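First the structure, in the form of structure tokens, and then the observations on it.
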Amino acid sequence: MPGDALTRLRVAITVFFALDGFIFAGWVVRIPAIKEQTGASASTLGLALLGVSAGAVITMMLTGRLCRRYGNHQVTVVCGILLSLSVALPPLTHSALALGAVLLVFGSAYGGINVAFNSAAVDLVRALRRPVMPSFHAAFSLGGMIGAGLGGLVAGHLSPTRHLLGLTVIGLVVTAVAGRTLLRIEPPAPPENLAPEKSVPRRRLDSQTRGLVVTFGLIALCTAYGEGALADWSALHLEQDLHASAGAAAVGYSCFALAMTIGRLTGTRLLERLGRTRTLTIGGTTAAVGMLLGALAPSLWAAILGFVVTGLGLANLFPVAVERAGTLAGPDGVAIASTLGYGGMLLGPPAIGFMADWFSLPAALTSVAVLAATAAVIGVATRHAAEH
């Protein structure tokens, strides 16, 4: 495939990653207003929000088959349309039950597009012969930061209905523009001139391959557990345990998210210099040390420094894990690893909550360090599969 086609394909896939983060963050910042609109209690809202999780997990497992049958690019475009349309539905509901039902649709589109564009990205990484997977996930992070920032700016001026309908319009326009490129360019075939030791043939999803894919999925789970835990609990830890103001507490997660974005933007160079095994091992170890500092530090700024170090350490673990799973088993591998990773993001917040009740919130947050260290150990254990 000509180099200019690969470049256009990379830009189009990057745009879909950014769009996904942008739309999802736009929905998240309007949750308080929609809670008030539906009259849901905290517990019933929590049950309604499970619709996103349930839809995503169910669809992730099905999307691998759809990608094999219809193609990664086609499924990405269809899911982009569904995601853009479904984000407008939550503010139209007036009960927790109706909200949960439309979030099931939204979560299905979200889960589907994640598997589809990650599968497309894996094919492109193989064709480019460069470890550019972190750059796609950096686009997701940047899209999320822009979506959250824009949502915060317009929240006082636009109703949730108008805001999320605006996201629908933006999403459909972006999908139409980027989708034309995806639909016109065939997915790249793996390069034929790779040296045998550098080429990774796609395996049938037999028990051995499935075991390897699940192992890489566990790395994704360990990483996403930390992301979910910090998203939901970092501000409370700083405010409750270190007596920070609400504004200073919010800075903690912002610094973590910014560090992850920077880490992903530099991830390709890091992977080219260190290789996958050392990136996984050093990243997991760095995140473990950072999280111990973030959880146990006696001062606010030391804890925020710990969050920054944690973000830098975790940044490239998920992209590498998904890329390896996809290289081994195609869309099915991406689906398995993504499902495990998303499961980790769901598991993190409630697990931290239970452990905080049993012990304390700082002690509970050290579980993020334990799982980050586990990811590093798995990276070493799978070094042969990761480097081939």
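Rule-based calculations on the coordinates, nothing more; no lab input. Given the structure is predicted, the values throughout are model-derived calculations rather than measurements. Positions of Cβ are generated from backbone atoms using ideal geometry, with glycine treated the same way; all protein chains shown enter the neighbour counts.
Some observations on this one:
- Compactness of the chain, expressed as Rg and Dmax over alpha-carbon positions, Å: 20.1, 61
- For the range 291-377, the set of chymotrypsin sites (Phe, Trp or Tyr not before Pro) satisfying both a DSSP loop assignment and a count of at most 14 other C-beta atoms within 10 Å is given as Phe359.
- If you take all other residues with their beta carbon under 14 Å from the beta carbon of Ala249, and give Lys and Arg +1 and Asp and Glu -1, the sum is -3.
- As a calculated quantity, the FRET efficiency between Arg65 and Arg273 at R0 = 45 Å, using C-beta atoms, amounts to about 0.75.
- Derived value for the range 77-199: Kirkwood hydrodynamic radius 16.7 Å. Basis is the mean of 1/r over every pair of different alpha-carbon atoms.
- Note on the chain: helix-only mean residue ellipticity at 222 nm, from DSSP H runs of 4+ residues weighted -39500 (n - 2.57) and normalised by residue number, equals -29500 deg cm²/dmol.
- Cα-based shape type of the range 49-94, given that a ≥ b ≥ c are square roots of the gyration tensor eigenvalues and the cut on a/c is 1.5: oblate
- Computed over the range 3-184, relative contact order equals 44 percent, with contacts defined as Cα pairs under 8 Å that lie 6+ residues apart.
- Expressed in Å, the radius of gyration and Dmax of the Cα atoms of the range 247-310 are 12.8, 39.
- Extension gain from His157 to Ser95, taking 0.36 nm per residue of separation minus the Cα-Cα distance: 19.9 nm
- Projected over every direction and averaged, the convex hull enclosing the alpha-carbon atoms of the range 207-387 yields 9.6 nm².
- Take each peptide in 216-222, 99-105, 61-67, count the other Cβ atoms within 10 Å of every residue, and average; sorted highest first, the result is 216-222, 99-105, 61-67.
- Label positions at Arg383 and Val370, each projected 7 Å from the Cα along the C-beta direction, are separated by 2.6 nm.
- Highest-MSF residue in the chain out of Gly284, Gly211, Gly353 [GNM, Cα springs under 10 Å]: Gly211
- Relative contact order %, the chain, counting alpha carbon pairs below 8 Å whose residues are six or more apart: 24
- The HN-Hα couplings worked out from phi for the range 327-343 by the Karplus form 6.51 cos²θ - 1.76 cosθ + 1.60 (θ = phi - 60°) are 5, 6, 9, x, x, 5, x, 4, 4, 5, 5, 5, 5, 5, x, 5, x Hz, whole numbers, x standing for Gly and Pro.
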